[in-house]
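Undergrad: A single structure is presented below for examination.
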Amino acid sequence: QVQLAESGGGLVQAGGSLRLSCAASGRTFSSRAMGWFRQAPGKEHEFVAAISMSGGSTLYTDSVKGRFTISRDNAKNTVYLQMNSLKPEDTAVYYCAASPALSRTPTDYRGWGQGTQVTVSS
């Protein structure tokens, strides 16, 4: 099973950028689609972006299209989320997780990391 660890969160002003990283252990990383989700206080996990095993296909939630980019480096067992033009409503704990197939559904994913806090000030 893949074990995941997120990093790269922090405090940034609106309009700024952050790049999140998710490092995976285990030999199955390249055979898993990877997803980023976020959870704001008092809310459910929200799908943000996902990328296929090869990196050739991606999915985004509408609110981040054109601002966020998901990518992966299978040689480094790492998936990234480049976040530009950040808005206060992007404030949340961001998690990565692995799935057998590309999906927007949180319950399709396993191996959730501990999360990294992203705070966007106005």
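The values are calculated or read from the model by the stated rules, or taken from the named source; none is laboratory data. Note that the coordinates shown come from a computational prediction; the quantities given were computed from them, not determined experimentally. Quick reminder, even Gly has a Cβ in these numbers, built from the backbone with ideal geometry, and neighbours come from all protein chains shown. Side chains are part of the model used for accessible areas, which takes the heavy atoms of the whole protein and leaves out ligands, DNA and RNA. Shrake-Rupley method; radii C 1.70, N 1.55, O 1.52, S 1.80 Å.
Undergrad: Considering only residues that are small (Gly, Ala, Ser), open to solvent by 30 Å² or more (accessible area, probe 1.4 Å) and over 15 Å from Ser63 (Cα atoms), which ones fall in segment 75-118?
TA: Ala75, Ala101
Undergrad: Does Gly42 satisfy the criteria of being open to solvent by 20 Å² or more (accessible area, probe 1.4 Å), modelled with pLDDT of 95 or more, more than 19 Å from Asp108 (Cβ to Cβ) and not acidic (Asp, Glu)?
TA: It is false that Gly42 is open to solvent by 20 Å² or more (accessible area, probe 1.4 Å), modelled with pLDDT of 95 or more, more than 19 Å from Asp108 (Cβ to Cβ) and not acidic (Asp, Glu).
Undergrad: Which number in (1) open to solvent by 20 Å² or more (accessible area, probe 1.4 Å); (2) in contact with a Gly (Cβ under 9 Å, 6 or more places away or on another chain) marks the one condition that Val48 misses?
TA: Every listed condition holds for Val48 apart from (1).
Undergrad: Report the residue count in segment 1-37 for those that are surrounded by fewer than 17 Cβ atoms within 10 Å (Cβ to Cβ), among the hydrophobic types (A, V, I, L, M, F, W, C) and assigned to a loop (DSSP other than H, G, I, E, B).
TA: Going through segment 1-37 one residue at a time, the tally reaches 1.
Undergrad: Please go through segment 82-122 and give me each residue that is outside any strand (DSSP E or B) and hydrophobic (A, V, I, L, M, F, W, C), ordered by number.
TA: Selection gives Leu86, Ala101, Leu102, Trp112.
Undergrad: Of the residues in segment 79-102, how many are out of contact with any Gly (no Cβ under 7 Å at 6 or more places or on another chain) and either among the aliphatic types (A, V, I, L, M) or over 23 Å from Gly16 (Cβ atoms) (or both)?
TA: Matching residues across segment 79-102 total 7.
Undergrad: While we're on this one: Only one residue in Ser71, Ser121 is in contact with a strand residue (DSSP E or B) (Cβ under 7 Å, 6 or more places away or on another chain), among the small types (Gly, Ala, Ser), under 14 Å from Arg19 (Cβ atoms) and open to solvent by 20 Å² or more (accessible area, probe 1.4 Å), so which one is that?
TA: Ser71
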